[in-house]
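The values are calculated or read from the model by the stated rules, or taken from the named source; none is laboratory data. As the structure is a computational prediction, the values presented were derived from the model and not from experiment. Note that each Cβ is placed from the backbone with ideal geometry, even for glycine, and that neighbours are counted across all protein chains shown. Each accessible area value is taken on the protein alone, full model and side chains, heavy atoms only, with ligands, DNA and RNA left out. Shrake-Rupley method; radii C 1.70, N 1.55, O 1.52, S 1.80 Å.
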Amino acid sequence: MKSVGEICSDLIRFDTTNPGSGERPAAEYVATLLADAGIQPVVFESAPKRTTVVARIEGDSPEALLIHGHLDVVPADPAEWRLHPFSGEIVDGDVYGRGAVDMKGSCAMTIATVLGMKARGEKPRRDLVLAFLADEEATGEYGAAYAVTERRELFDGVTEAISESGGYSVPSGQERVYPIAVGERGTAWMKLTAHGVAGHGSRPPVDNPVATLVHAMSRIADHTWPVRLTPSVAALIEELSRITGQPIDLERLDDEAERLGKLGSLFKAQMRNSANPTMLNAGYKVNVVPSSAEAHVDGRYLPGLQEEFLSTIDELLGPKITREFVNLEEAPSAPYPSSFFDELAASLVAEDSMARPVPYVMSGGTDAKSFARIGIQGYGFAPLMLRPDLDYFGMFHGKDERVPVAGLEFGTRVLTRLLT
């Protein structure tokens, strides 16, 4: 049976860049591993080569748990990497390559866990549904969004789900904090358009849409969004105060986030909405004022704050600019405190006596948004014990992305405790 490090390396070697040639080779590899272990996979495509694999393992209860991960990755320029991003090489105990953290390493842990359970003849405590999805690194249209609408029956009985961006270790003195995500910010990707009057670039402008748009982008970039502590983020801050033994001043949270370093990063981007201009497109010749200009903005908002977010955006844009959504997703949240959160926390503590699990809200988004639409409560839990020198957040979409083999082995043990 392949080890978790070997599976991770194998998955990385499939170039599943999105946009690119699709996820099919990696999906076929996953389906073959499952089938060889006696786990019957369902393989389907939403478009040519946009491939998803789903499998169900019968447990002692029909109330099912979903473990989902995505097989696509963001682009990587080999010239910027120490090792080729699709080599999957293991050097000094780390698996290198695009997707090592986001999230082929996590997919490898899931596969290694269920293959190990099968080899030992162990049965999960409840039905287990595995989903290895396409297209998470875009909008999910070809992956999770397609799966929950066109193959809804595959998720019958699922009540909770676990996936990426939670359960990893953050050093805190002699202890290790493990944030478990109980929610994530909503997504509002927007296309903005300014219309004006075309004319010669040498003449005084009548109504220059480029200038209108640039001024609006500047207002968005300069805006300081107010702090809005949701219950889960407030609970996180309270837990961090208790763990560190130093009260966190709620009136100076930006300063406190800087003071706490890696621990502060757990709430720095999660205590307010945000909007970042990311793309601009206008004009076709230097001496021509165009009749329109376009921009894109990546907006994120906290659970329950979509209306406040959009109202603020409209004020910042002003009356001359129209907006339309490239992608609009709700901000999902899962119950906390809850018995399932306690199960997740207990599985970590069982493998690491220095573990201090805490609730957490993700600043970005995952496929949990799609599964929330069919009533599945999603938690961010892809357990990893990391060396203190590794910057977990910096690995996401960064160069020289890598994950320790020992961390993957730790995660496999934690998942085994959770499932059996």
Exercise for the section: Would you mind listing the strands (runs of 3 or more DSSP E) fully within the range 124-185 where at least 2 residues are open to solvent by less than 10 Å² (accessible area, probe 1.4 Å)? Expected result: 128-133, 158-163, 175-184
Fill in the blank from the handout: Flagged pairs (Cβ under 6 angstrom, 6 or more apart or on separate chains; first in the range 26-52, in contact (Cβ under 8 Å) with a residue 12 or more places away in the chain; second of a type in the set (Ser, Thr, Tyr) and part of a helix (DSSP H, G or I)) are SER46/TYR146
Completion exercise
Across (1) open to solvent by 40 Å² or more (accessible area, probe 1.4 Å); (2) closer than 26 Å to ASN327 by Cβ; (3) among the aliphatic types (A, V, I, L, M), VAL197 clears everything bar (2)
Problem - Close pairs (6 angstrom Cβ cut-off, 6 or more residues apart or separate chains): charged (D, E, K, R) in the range 386-411, open to solvent by 80 Å² or more (accessible area, probe 1.4 Å) anywhere - result: LYS399/GLU80; ASP400/ARG82
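Of the residues ALA138, ALA144, ALA112, ALA188, which single one is under 30 Å from THR212 (Cα atoms) and modelled with pLDDT of 95 or more? Explain how you work it out, then say what you get.
Working: ALA138 fails: modelled with pLDDT of 95 or more; ALA144 fails: under 30 Å from THR212 (Cα atoms); ALA112 fails: under 30 Å from THR212 (Cα atoms).
After applying the criteria, what remains is ALA188.
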Handout entry: Close pairs (6 angstrom Cβ cut-off, 6 or more residues apart or separate chains): charged (D, E, K, R) in the range 279-295, open to solvent by less than 50 Å² (accessible area, probe 1.4 Å) anywhere
Key = GLU294/THR193
Fill in the blank from the handout: Picking from VAL227, VAL214, the residue that is modelled with pLDDT of 95 or more, touching a Lys or Arg at 6+ places or on another chain (Cβ under 6 Å) and not polar (S, T, N, Q) would be VAL227
Practice task
Would you tally the residues in the range 346-373 being open to solvent by 20 Å² or more (accessible area, probe 1.4 Å), in contact with an Asp or Glu (Cβ under 9 Å, 6 or more places away or on another chain) and in a helix (DSSP H, G or I)?
Solution key: 1
Exercise for the section: May I ask you to verify whether ALA35 is assigned to a helix (DSSP H, G or I) and in contact with an Asp or Glu (Cβ under 9 Å, 6 or more places away or on another chain)? Expected result: no
Problem - Whichever residue in the range 374-400 is open to solvent by 20 Å² or more (accessible area, probe 1.4 Å) and of a type in the set (Gly, Ala, Ser) and, among such residues, is modelled with the lowest pLDDT - result: GLY394
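Residue check: is SER232 modelled with pLDDT under 95 and either open to solvent by less than 40 Å² (accessible area, probe 1.4 Å) or part of a strand (DSSP E or B) (or both)? So that I can check it myself, show each step before the final result.
Values: modelled with pLDDT under 95: no; either open to solvent by less than 40 Å² (accessible area, probe 1.4 Å) or part of a strand (DSSP E or B) (or both): yes.
Judged against the criteria, SER232 is not a match.
Hey, does the range 288-297 have a residue that's outside any helix (DSSP H, G or I), at pLDDT 95 or above, within 19 Å of the chain's Cα centre (by Cα) and on the phi < 0 side of the Ramachandran plot?
To start, the set of residues in the range 288-297 that are outside any helix (DSSP H, G or I) comprises 288-297.
Going one step further and asking which of them are at pLDDT 95 or above, we end up with 288-297.
Still in the running and within 19 Å of the chain's Cα centre (by Cα): 297.
In the following step, the residues that additionally are on the phi < 0 side of the Ramachandran plot were identified as 297.
Yes, that holds for at least one residue.
Scan the range 93-100 and tell me whether some residue there is open to solvent by 60 Å² or more (accessible area, probe 1.4 Å), touching a residue at least 60 places away in the same chain (Cβ under 8 Å) and in a loop (DSSP other than H, G, I, E, B). Lay out the reasoning, then the answer.
Restricting attention to the range 93-100, the residues satisfying the condition of being open to solvent by 60 Å² or more (accessible area, probe 1.4 Å) are none.
No, there is no match, as no residue in the range 93-100 is open to solvent by 60 Å² or more (accessible area, probe 1.4 Å), touching a residue at least 60 places away in the same chain (Cβ under 8 Å) and in a loop (DSSP other than H, G, I, E, B).
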Handout entry: Residue in the range 307-328 that is farthest from PRO231 (Cα to Cα), counting only those that are open to solvent by less than 50 Å² (accessible area, probe 1.4 Å) and outside any strand (DSSP E or B)
Key = GLY318
Exercise for the section: Could you check how many residues of the range 53-79 are touching a Phe, Trp or Tyr at 6+ places or on another chain (Cβ under 6 Å) and over 18 Å from VAL158 (Cα atoms)? Expected result: 1
Completion exercise
Matching residues in the range 216-226 (surrounded by fewer than 14 Cβ atoms within 10 Å (Cβ to Cβ) and either within 30 Å of PRO335 (Cβ to Cβ) or free of Cβ contacts under 8 Å to residues at least 40 places away in the same chain (or both)) number 4
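Can you confirm whether LEU302 is surrounded by 14 or more Cβ atoms within 10 Å (Cβ to Cβ), touching a Pro at 6+ places or on another chain (Cβ under 6 Å) and either under 30 Å from ARG413 (Cα atoms) or aliphatic (A, V, I, L, M) (or both)?
When the stated conditions are applied, LEU302 does not pass them.
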Practice task
Being outside any strand (DSSP E or B) and either under 21 Å from ILE376 (Cα atoms) or among the acidic types (Asp, Glu) (or both) is the filter here, so list the residues in the range 38-67 that pass it.
Solution key: GLU58, GLY59, ASP60, SER61, PRO62, GLU63
Problem - Complete set of residues in the range 8-27 that are of a type in the set (Ser, Thr, Tyr) and in a helix (DSSP H, G or I) - result: SER9
